[in-house]
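So the structure is just underneath, and the comments pick up after that.
The values are calculated or read from the model by the stated rules, or taken from the named source; none is laboratory data. In this text, all values refer to a predicted model and were calculated from it rather than measured experimentally. Methodologically, a virtual Cβ is constructed for each residue, glycine included, from the backbone with ideal geometry; neighbour enumeration extends over all protein chains shown.
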Amino acid sequence: MNLITVDLEEWYTYIIYKKGLPARYEPILEELLDDILHLFELNNIKATFFCLGTIARSHPGIVKKIFDKGHEIGCHSDKHDFITKFNPKQLKLDTQKAIDSLEQCIGSKVFMYRAPAFTITQSNKWALETLIESGITIDCSIFAANRSYGGFHSLSINEPAYISTPSGVITEFPMSYSTFFGKKIIYTGGGYFRLLPYTVISNLFSKSEYNMTYFHLRDFDIFQKPVYNHRYFYNYVGISKSFSKLERLIDDFKFVSIGEIYDNSERDYKLIHI
């Protein structure tokens, strides 16, 4: 079960993180997106794209192009605000606004969600209840390891599961992980994907029955203006080789979208309570 997902947020977050003027970076982002869509098309891959509601409003053509290529559109919040900043009412308003914008853009129901920076944690697990109340049936926010801004280290799930909440049950497709000297590492996206040698990544993929990837356009943007802060090494090292890694990964393994595996599996997932 190798799942391929993309978190689409750069048209908005490049403004927040001061990556320069849109006239410079928007053509770069569009070209990167086209490269990824072309790679998926060449390999007959349908992916799940988690998109911001604000992008559906400001750049509807971007989101619609992805959808028209046959890919799934999920919700990645409205403006990439961390869930740790919200109370239940605020999260519900944010989620419903994002879903409405995405659905108006693509003309189809949106029922999958991934929290910005995986910010559903032990302290705000009520967020899953709010997502259910907002019409979300599939969540992909659980990052069962330590992480800046988020992570749910105490929850050790490394496969799809049903999570029981007071508002009902939600299907969870968590980030997959491996362990190295007792430490959980997420090798299927972000910094670890860029930093680890491909042979290590390939070996870890081969050993696991469940691999959930997550990519961003910035993971492949060699022309981006760097932001110099404490996360500089994690954010930028390895970018020059990341697209070729993705090409090799897709060549070596078969990938499907979340919807494909959900629709075609027997779904005998474990029910857990958190």
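With respect to the stated conditions, Thr95 fails to be within 19 Å of the chain's Cα centre (by Cα), under 27 Å from Asn229 (Cβ atoms) and outside any loop (DSSP other than H, G, I, E, B).
Annotation note: Cβ proximity below 9 Å between a residue of the stretch 140-168 that is more than 16 Å from Asn211 (Cβ to Cβ) and modelled with pLDDT of 90 or more and a residue that is surrounded by fewer than 18 Cβ atoms within 10 Å (Cβ to Cβ) and among the polar types (S, T, N, Q) (sequence gap 6+ or interchain) occurs for no pair. When Phe67, Phe40, Phe49 are screened for being part of a strand (DSSP E or B) and either in contact with a strand residue (DSSP E or B) (Cβ under 9 Å, 6 or more places away or on another chain) or at pLDDT 95 or above (or both), only Phe49 passes. Restricting attention to the stretch 143-181, the residues that are assigned to a loop (DSSP other than H, G, I, E, B) and either in contact with a Ser or Thr (Cβ under 9 Å, 6 or more places away or on another chain) or over 21 Å from Lys89 (Cα atoms) (or both) total 23. Just to verify a result, which residue in the stretch 38-76, among those that are charged (D, E, K, R) and within 21 Å of Glu247 (Cα to Cα), is surrounded by the most Cβ atoms within 10 Å (Cβ to Cβ)? Checking each candidate, the answer is Glu72.
Tallying residues that are crowded, with 20+ Cβ neighbours inside 10 Å and at pLDDT 95 or above within the stretch 120-133 yields 4.
For every residue, the table says whether it meets (1) surrounded by 13 or more Cβ atoms within 10 Å (Cβ to Cβ); (2) more than 16 Å from Ile4 (Cα to Cα); (3) in contact (Cβ under 8 Å) with a residue 60 or more places away in the chain.
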{"position": "Thr188", "(1), (2), (3)": "yes, no, no"}
{"position": "Asn211", "(1), (2), (3)": "yes, no, yes"}
{"position": "Tyr214", "(1), (2), (3)": "yes, no, yes"}
{"position": "Ile250", "(1), (2), (3)": "yes, no, yes"}
{"position": "Asp268", "(1), (2), (3)": "no, yes, no"}
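Between Gln90, Gln104, the distinction of being within 21 Å of Ser123 (Cα to Cα), surrounded by fewer than 19 Cβ atoms within 10 Å (Cβ to Cβ) and over 18 Å from the mean Cα position of the chain (by Cα) belongs to Gln90 only. The number of residues in the stretch 1-13 that are assigned to a helix (DSSP H, G or I) and either acidic (Asp, Glu) or without any contact (Cβ under 8 Å) to a residue 60 or more places away in the chain (or both) comes to 2. Helices (runs of 4 or more DSSP H) wholly in the stretch 230-274 with at least 3 residues that are out of contact with any Cys (no Cβ under 6 Å at 6 or more places or on another chain) and closer than 22 Å to Ile73 by Cβ - which ones? So the answer is 258-264.
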